[in-house]
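These notes concern the structure reproduced below.
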Amino acid sequence: MAVAMLGRMGAFTGCCRFELKQCRSLSSPVLPRLHYPAGSGGRKDRTGQEAGQMSLAQINSILKANEHSHAPPRGPASHGVLGFHSNMLPSNQPGEDRRSSATYLPGRGGLLFGVFDGHAGPACAHSVSQRLFYYIAVAKLPLGTLAELERAVEEERAVPPLLEWHQHPQDHSFPTGGATSSHSLRLYWQERLQDQDQEDGRVTPALVNAFRRLDWDLSVEAQVHLSSSSPRRLSLPGERSQSSPLRVALSGCTACVAHISNGVLHVANLGDSRAVLGVQEPDGHWSAVSLTNDHNAQNPDELQRIFGEHPASERRTVVRHERLLGLLLPFRAFGDVRFKWSREMLSRVHEARVDLRSVVGEGVRTPAPHYLTPPYLSAQPEVIRHHIRPSDKFLVLATDGLWELMHRQTVVQLVGELLTGLQQQRPLVPSRGMTLGGLQRLLLERRGQVMSVLEDQNAATHLLRHALGDDGYGAVAPNRLAKMLSLPSELARRYRDDITITVIHLNEPDL
């Protein structure tokens, strides 16, 4: 099958860390004074401006570097989606988050959106962001269409595209591993053709099957790579095999995917990214409706699932310090095979691949303690189905970096007010008995709201600006925003995670 049909698939590399996220709340009153080594040139930028004193143009250049938007053609093909806004702001270097958006072309079609939060490097998140939608497409295709697809590949005829991507130019601009990906995808549809009992077109089972099959393929590809590759070749000094299947499988990522077709929304979630629906009530107020559950120790149902899948003798070790085996925060994820493979397979990796010392962290190289009854980590998504109502105005998909800084109601309120222009329409009416200080705060809040509305047409950028620059009164403090954006990478990680946001606008624009 032509690699072009699959798009540019690949993986990007980074440091491997299994550690507690040290994101502090932005309500902290003081940011630390920044100290730069003598002669580093980091104290001032090229214009001589001190750190933390960024101009509005510099702030916007950083905030808007990765913003993206798209509006599908009006009509049935839009499936009720008016368009979407998206943005990403990395904290790690390189950033570990990824995002995807595409139109599913066969049959009745539909739209797909996803955010992916990588850990132990971005390799797995990047690979999944490029491959998962193709697995969903194959899982949804009727068997007759799959058979025609297979005949076209066999006869080396042109294959109709499955997806139309809507991507920022940088989203898929990394080294690729398309040949392996294409082979695995074809094996998947061939196995579907052999299983004639499968139901055609049902979205929920298609999403579940696609998630699980891609994770299985990531594992198989890594094992094949491990057994067939030369350790001598793989351990060359300075080598950075960014699309290595082993690197992809050893890292991991969570995923939150929305599928919208003919007014029906499905959300498939794996990990701790979230999907929140913005609902406008009859009186004009905004409500936030959560469509996902976090798969971590804060979810009692998820804790019970983990305990129920392992012997009672492991109850004190399977979750320690609110982490899986004391190491991993999410309880469901792609990749992370060190929580899925047998002890024997992991021993092969540790013994045969001494070159991994240069590409993964100590936590990945060392077998997890109390590793007795794998697998411990699941790639089974939780799927919810929702009929889109006239009051459902938008859907926010975001990695946990946003939700660690903002409550879902605040997120929905900000997007809702941006869409309706309430900041400009709402009169400034001081309440009776308001003090001079209270009036000053009201004026500052109104000023910050109006400035941010004028500045941001992209709802995801609007959320980033408020998440990082919140002054505690619902407005943006420019100095605080500048300080947060000027933090060096080794310090930024203490205050926030990578943040990726996609806001999908629904229904008619008659707000």
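Enclosing the Cα atoms of the range 241-333 in their convex hull gives a volume equal to 169 cubic angstrom per residue. Rounded to the nearest whole Hz, the Karplus-based 3J(HN,Hα) values (6.51 cos²θ - 1.76 cosθ + 1.60, θ = phi - 60°) of the range 408-417 follow the sequence 4, 5, 5, 4, 5, 4, 5, 5, x, 5, with x at glycine and proline. When all protein chains stay in place and ligands, DNA and RNA are ignored, the 1.4 Å accessible-area order of Glu156, Glu191, Glu455, largest first, is Glu156, Glu191, Glu455.
Please report the net charge: other residues with Cβ closer than 13 Å to the Cβ of Pro374, K and R +1, D and E -1. Residues near Pro374 contribute -1 overall. In order along the range 91-100, the Karplus-derived 3J(HN,Hα) couplings, from 6.51 cos²θ - 1.76 cosθ + 1.60 at θ = phi - 60°, round to 10, 5, 10, x, x, 9, 7, 9, 9, 8 Hz, and Gly and Pro are given as x.
Working note: Karplus 6.51/-1.76/1.60 with θ = phi - 60° gives the range 339-346 the couplings 10, 10, 6, 5, 4, 5, 5, 5 Hz, where Gly and Pro are set to x. Summing charges over all other residues whose Cβ lies under 12 Å from the Cβ of Val267, with Lys and Arg as +1 and Asp and Glu as -1, gives +1.
Residues Met484, Met345 ordered from highest to lowest accessible area at a 1.4 Å probe: Met345, Met484. The accessible area of Ser313, taken with all protein chains in place and a 1.4 Å probe, comes to roughly 100 Å². When the trypsin sites (Lys or Arg not before Pro) in the range 110-171 are filtered for DSSP coil states and for at most 15 other beta-carbon atoms within 10 Å of their beta-carbon, the remaining sites are Arg157.
The values are calculated or read from the model by the stated rules, or taken from the named source; none is laboratory data. Nothing here was measured: the structure is a model prediction, and the numbers come from that model. Using ideal geometry, Cβ is built from the backbone for each residue, glycine included, and neighbour counts are taken over all protein chains shown. To get the accessible areas, we keep the full protein, side chains included, count just its heavy atoms, and leave off ligands, DNA and RNA. Shrake-Rupley method; radii C 1.70, N 1.55, O 1.52, S 1.80 Å.
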